[in-house]
Amino acid sequence: MRFRAKIVDLACLNHFSRIINTIAKLAKTCILRLTVCKLYFILSDKVANGGASMWCELSQGNFFDEFQMEGVAAEHNEIYLELVPDNLSRALKTAQSAKAVKIKLTNKHCPCLRVAVELPSLSSSSRIVTHDIPVGVIPRRMWNDFREPSVPDFDVSIYLPVLKTMKSVVERMKNLSNFIVVEANLSGEMNLKIETDLVSVTTHFKDLGNPPWASADGCRSSAQGRDLESMAEACIDIKKLQQLLAGQQVNPTKALCNIVRKRVVHFILLHEEVSLQYFIPAIA
Amino acid sequence: MPFSAQPPASGERYALSASLDNARHLSSLLRAVHFQDHATCFATASGLRVTVEDAKCIQANAFIQAEIFQEFSVQEESVMFRVNLSVLLDCLTIFGTSSLPGTSTALRMCYRGYGHPLMLFLEEGGVVTVCKINTQEPEELLDFDFCSTKVVNKIILQSEGLREAFAELDMTSEVLQITMSPDKPYFRLSTFGNAGSAHLDYPRDSDLVEAFHCNQTQTNRYKIALLKPSTKALALSCKVSIRTDAQGFLSLQYMIRNEDGQICFVEYYCCPDENITEAEL
């Protein structure tokens, strides 16, 4: 098992750091899956994270100048590591004006991701700050636990409103309630609602648009017979939604959510080089 | 707009009904008196008064007169209810607090009367938020019985002169001592903290002093923790009037200009701290 990679371009480095910051806001611990072409940050829906799960995918070629990976075996040319993304985020904080960042999988005393940040220096010798981030190697027999989640058979799919507005509203609502109801219909309308003994607040978004989902088996065509006005709703933990929105530092190219009434809200945020899916289960 | 999101037609009988193009005209004033969760709202044809009290010795009032609103109507002589001010502020600022030029949140406020919730309809950029805030029985408010005939000493200052002083008050001191006198030191703020005592003197002929009417030397102490929240009102204001009566009760009146240049007032009343003897003064 070998892994070494290098980022030299400052813009790529900053972009990569921003992604890690977003991941760190969503998960205390997650899985980093390395393949020849891609990196994945995975959080599976364990009770420890309140049942939320995450799948983040990026093409290594968009970020790394050098990327060499040798998996556990030839037929399984992948590496699965468990790590604390906040450790990686903090290591990258020192790299804001770095000349280069090298990441390497090492196993001196225990498995680590060694992040070596080469900083600009006035003298001829370079300054290097090295961070050793402990990781856990996930054995092959457990890889099935971390497969890509399938898009659920949703009741409604809708584009999200301007994230900045959504973020402000959810932040205020978080002061008032622990839970939030997300509901939407096939007429481009979405409501965010909270209700407690003291207060109830509903924010109405309209003209959002519903994404067209093409499907091989034509099951989406059943939407045509459906009532376009009827709302599909799910009540979720407001903190999870606030963390997702707080982590978005740049406007995504596409942002949408799929609602399975009373079961789960599936958020999909697409940027040019990275896609993020976040599943928040409904509170029973 | 969904049916439930439409504000009620003006023809319906609401004990209180008001519209405001820029909700910040209300929220920024309410923040200046937000040092407790609960507030009493009192509305008459002249406008809205929101009162917050603490420890039975401090009271803050925010006045938003009817002219500030685009529409303001009170059905009976007066309407009074108690509401959670933290919740009210979260609702008024639901779209955020940053004031981008050109954007503002429009507000419509309706109250059906005793036992009914306070309804807020807020709109910004085509997005509508509807809030229903439960109201409570109003509690009896303190009456400081502070009228202009009982005023012993009065100073009007430009707020910028006091802002730094109040922001940097030594909070390790239990009290803020205010001395007002026709003779030196004229106007002195003192604290007695862990590091020692600090005195800040304002000469009567300072540019910052707009009016000086002191008839008697008075030194009074007030619990600093109670007065500290008034710093928010001071920060917003352009002028402040400081008055004391024969019992040493303090009245601070802040003149605040909103974004549109309209004038509103916030006042703080405070009882003198009783835990001091004459000998200490």
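At-a-glance table
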| read-out | value |
| --- | --- |
| Segment A:94-108 residues that are closer than 12 Å to A:Leu13 by Cα, paired with ones that are of a type in the set (Phe, Trp, Tyr) and surrounded by fewer than 16 Cβ atoms within 10 Å (Cβ to Cβ) (beta carbon under 9 Å, 6 or more apart) | none |
| Subset of segment B:106-132 [touching a residue at least 60 places away in the same chain (Cβ under 8 Å) and among the small types (Gly, Ala, Ser)] | B:Ala106, B:Gly113 |
| Filter pass, A:Val36 being farther than 15 Å from A:Phe3 by Cα and either of a type outside the set (Gly, Ala, Ser) or outside the structural domain of A:Ile138 (by the TED database) (or both) | no |
| Of all residues making up segment A:193-212, the number that are within 9 Å of another protein chain (Cβ to nearest Cβ) and either touching a residue at least 24 places away in the same chain (Cβ under 8 Å) or within 23 Å of the chain's Cα centre (by Cα) (or both) | 3 |
| Where A:Ser125 falls short, out of the listed (1) buried (at least 17 other Cβ atoms within 10 Å of the Cβ); (2) in the same structural domain as A:Cys56 (by the TED database) | (1) |
| Hits in segment B:141-152 - residues which are at pLDDT 85 or above and under 18 Å from the mean Cα position of the chain (by Cα) | B:Leu141, B:Leu142, B:Asp143 |
| In segment B:202-222, the residues that are in contact with a Leu (Cβ under 8 Å, 6 or more places away or on another chain) and open to solvent by 60 Å² or more (accessible area, probe 1.4 Å) | B:Glu210 |
| Given (1) without any contact (Cβ under 8 Å) to a residue 40 or more places away in the chain; (2) assigned by the TED database to the domain that holds B:Ser230, number of the condition B:Asp145 does not satisfy | (2) |
| Considering residues of segment A:166-196 that are assigned to a helix (DSSP H, G or I) and open to solvent by less than 30 Å² (accessible area, probe 1.4 Å) only, the residue nearest to B:Ser98 (Cα to Cα) | A:Ser168 |
| Members of segment A:21-44 that are farther than 17 Å from A:Ile138 by Cα and either of a type in the set (Gly, Ala, Ser) or crowded, with 20+ Cβ neighbours inside 10 Å (or both) | A:Thr22, A:Ile23, A:Ala24, A:Leu26, A:Ala27 |
| Qualifying position, being without any contact (Cβ under 8 Å) to a residue 24 or more places away in the chain and more than 19 Å from B:Ile256 (Cα to Cα), among B:Thr103, B:Thr93 | B:Thr103 |
| Filter result (open to solvent by 40 Å² or more (accessible area, probe 1.4 Å) and either outside any strand (DSSP E or B) or at positive phi (or both)) within segment B:36-52 | B:Gln36, B:Asp37, B:Ala45, B:Ser46 |
| Residues located in segment A:45-66, provided they are touching a helix residue (DSSP H, G or I) at 6+ places or on another chain (Cβ under 8 Å), of a type outside the set (A, V, I, L, M) and surrounded by 19 or more Cβ atoms within 10 Å (Cβ to Cβ) | A:Cys56, A:Phe63, A:Phe64 |
| Residue check for B:Phe63: of a type in the set (Phe, Trp, Tyr), closer than 19 Å to B:Arg257 by Cβ and touching a Leu at 6+ places or on another chain (Cβ under 7 Å) | no |
| Residues located in segment B:172-188, provided they are under 26 Å from B:Met255 (Cβ atoms) and either surrounded by fewer than 18 Cβ atoms within 10 Å (Cβ to Cβ) or acidic (Asp, Glu) (or both) | B:Ser181, B:Pro182, B:Pro185, B:Arg188 |
| Any chance B:Glu137 is open to solvent by 70 Å² or more (accessible area, probe 1.4 Å) and under 30 Å from B:Ile94 (Cα atoms) | yes |
| Scan of segment B:149-171 for residues that are in a helix (DSSP H, G or I) and either among the hydroxyl-bearing types (Ser, Thr, Tyr) or in contact with a Gly (Cβ under 7 Å, 6 or more places away or on another chain) (or both), ordered by number | B:Thr149, B:Ser159 |
| Members of segment A:150-182 found to be farther than 21 Å from A:Ala232 by Cα and either touching a strand residue (DSSP E or B) at 6+ places or on another chain (Cβ under 7 Å) or more than 13 Å from every other protein chain (Cβ to nearest Cβ) (or both), listed by number | A:Thr165, A:Leu176 |
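The values are calculated or read from the model by the stated rules, or taken from the named source; none is laboratory data. Note that the structure is predicted; figures quoted are calculated from it, not measured. Cβ coordinates were reconstructed from backbone atoms using ideal geometry, including for glycine residues, and neighbour counts include every protein chain displayed. Quick note on the areas: whole protein, heavy atoms, side chains included, nothing else; ligands and nucleic acids left out. Shrake-Rupley method; radii C 1.70, N 1.55, O 1.52, S 1.80 Å.
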